[in-house]
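Heads up, the thing below is written out as structure tokens.
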Amino acid sequence: METKEETSNIEAFSTEQGPIMSNVKHENGLTSAHTIDHDSWQQVGLLLVTSFNCGYILTFSNLMLVPLGWTWGIICLVVVGLYTAYANWLLAAFHFINGQRFIRYRDLMGFLFGRELYYITWVFQYLTILLGNMGFILLGGKALKEINSEFSDSPLRLQYYIIITGAAYFLFAFLIPTMSAMRRWLGISTILTFTYIIILLVVLVKDGKSNKNKDYKIHGSKADKVFNGFGAISAIIVCNTSGLLLEIQSTLRKPAVENMRKALYTQYTAGLLVYYGVSIVGYWAYGSVVSTYLPEELSGPKWVKIVINFATFLQSIVSQHMFLAPIHETLDTKFLKLDESMDSKENIKHRFYVRALLFSFNTFVTAAFPFMGDFVNLFGSFTLIPITFVFPSMIFLKVKGKTARLEKKVWHWSNIILFSLLAIVTTISAVRLIVNDVQQYSFFANT
């Protein structure tokens with residue numbers, strides 16, 4: 001039974017309060033302008049598979065395997081993949097606590113640990129989302145520039161394509177306002193995903209067979225190898241998780257815990273086989289000189305690169321929306337009129353303004369700092385490690401610590417300590433990479 005104290009706690013830590021209207025889903029004193037308790041696990045599972053097999057996978061051969069090599073690379077892929085699957089499986093159970101549903105990660109952390117953890121989670125999640133979206137914009141811009149390069153020896157600057165990409169993402173986010181509304185686009189996204197992946201794999205195998213001088217050595221000084229290795233671990237974490245599990249889970253109809261775990265099984269079987277497969281085959285084909293953007297390496301006719309890059313660009317318009325949806329939900333719940341339809345004249349106008357402001361900011365920052373690996377490594381270390389690995393163990397100890405067996409307490413305390421240290425080391429590695437790139441490139445570099 002929910003006490004008055006618990007209710008006031010939840011309300012105190014929510015920044016999206018609004019009137020409880022008949023067309024607004026209401027959970028535990030929280031309101032949301034977006035859909036809650038509606039989607040099937042099959043829809044969410046397909047959403048996860050297509051979203052995680054986005055254009056980012058075209059960078060992972062370089063970011064994950066070049067710094068680690070075959071032995072450590074495969075070990076880290078397996079261990080991190082299993083661990084992220086376990087961490088998300090664990091966190092999914094805490095979508096409900098004593099019958100209370102938490103539709104936002106920060107609300108759960110605030111309810112259990114107080115205002116400070118509410119805001120820390122809020123900052124970590126939003127930094128993850130914003131940096132991830134900037135990486136998406138950069139990938140979309142890269143894909144368009146590669147297409148232009150096939151038709152011209154002097155393609156336009158990358159920044160023009162970044163602007164085009166940002167505008168396309170804005171238009172999709174404006175017209176398809178919620179995560180649940182993406183249902184009609186998942187079929188198209190699936191076709192686009194497997195179109196570019198199948199063609200890519202065929203070309204990679206062909207190039208790998210013809211490349212007789214592959215070099216898999218890890219290059220650089222001892223310090224470079226160590227820091228780059230930790231950067232690769234950050235990239236593997238990004239490859240496997242989003243830090244948005246509770247927000248995605250909020251769209252699921254009940255039983256939401258069981259349904260979320262079914263969706264996770266789909267991601268960590270079918271989805272993982274694809275994005276790991278592309279990464280491994282790309283590294284096998286080109287070795288340690290593999291590009292940070294795989295299509296740059298491909299041989300074959302012109303149409304191959306054009307189709308892969310164009311499919312990647314179109315697919316990224318859909319897939320990026322899932323990762324940015326929690327920010328849209330916050331802004332919509334804060335600025336839209338919840339007693340009116342999402343498509344009312346007033347709400348359409350407000351939605352246009354908040355989406356335009358958000359994508360203008362992300363596009364500008366991306367154009368100014370177009371460094372591919374830095375986006376991945378930074379949000380994979382400083383923010384994503386704590387909210388994926390540290391916080392779920394903290395939640396377990398808080399909720400079940402009094403009744404849990406000693407070995408479980410030791411296990412979760414070990415997770416907290418180990419991954420806190422890993423977050424520190426990988427953050428140092430990411431900052432070091434950023435400093436090196438800032439010295440190498442100028443602002444608004446045409447990379």
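The values are calculated or read from the model by the stated rules, or taken from the named source; none is laboratory data. Here the structure is a predicted model, which means the values were calculated and not measured. Please note: Cβ atoms are built from the backbone with ideal geometry, for glycine as well, and neighbour counts cover all protein chains shown. Calculation scope for accessible area: heavy atoms of the full protein, side chains included, ligands and nucleic acids excluded. Shrake-Rupley method; radii C 1.70, N 1.55, O 1.52, S 1.80 Å.
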Segment 283-341 versus segment 30-49: alpha-carbon centroid distance in Å: 20
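Quick check on my link table: of Lys222/Lys302; Lys262/Lys408; Lys254/Lys398; Lys142/Lys209; Lys334/Lys398, which ones sit more than 32 Å apart, alpha carbon to alpha carbon?
Details: Lys222/Lys302 40 Å; Lys262/Lys408 24 Å; Lys254/Lys398 25 Å; Lys142/Lys209 27 Å; Lys334/Lys398 30 Å.
Violating the 32 Å Cα-Cα cut-off are Lys222/Lys302.
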Amide H contacts under 5 Å for Ser32, placed H, 5+ residues apart: Lys25
Amide H contacts of Leu252 (H built 1.01 Å from N, under 5 Å, at least 5 apart or other chain): Asp37, His38, Asp39
Total charge dipole magnitude, the chain, about the Cα centre, Cβ charges on Lys, Arg, Asp, Glu only, Debye to nearest 20: 720
Pairwise centroid distance, computed over Cα atoms, of segment 400-414 with segment 207-224, Å: 44
Centre separation in Å (Cα based) which lies between segment 259-278 and segment 126-180: 25
Carbon and sulfur %, accessible surface of the chain computed with the full protein complex present, 1.4 Å: 67
Per residue accessible area in Å² of segment 52-155, where ligands, DNA and RNA are left out and the probe is 1.4 Å: 32
Additional length obtainable on full extension of the chain from Val410 to Lys302, 0.36 nm per residue less Cα span: 33.2 nm
Cα centre as origin, Lys/Arg/Asp/Glu Cβ charges: segment 302-411 dipole, Debye: 460
Protection proxy ranking of 176-185, 414-423, 247-256 - average other beta-carbon atoms within 10 Å, highest first: 247-256, 176-185, 414-423
Dipole magnitude of segment 60-161 about its Cα centre (Cβ charges: Lys, Arg +1; Asp, Glu -1), debye to nearest 20: 300
Cα Rg, Dmax (largest Cα-Cα span) when computed across segment 162-212, Å: 16.5, 49
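Can you give the helix-only mean residue ellipticity at 222 nm for the chain, where every DSSP H stretch with n ≥ 4 adds -39500 (n - 2.57) and the sum goes over all residues, rounded to the nearest 500 deg cm²/dmol?
On the way: 16 runs with 294 residues, N = 447.
One gets -22500 deg cm²/dmol as the mean residue ellipticity at 222 nm.
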q = 0.08, 0.09, 0.11 Å⁻¹, the chain: log10 I(q)/I(0) [Debye, one scatterer per Cα]: -0.45, -0.57, -0.86
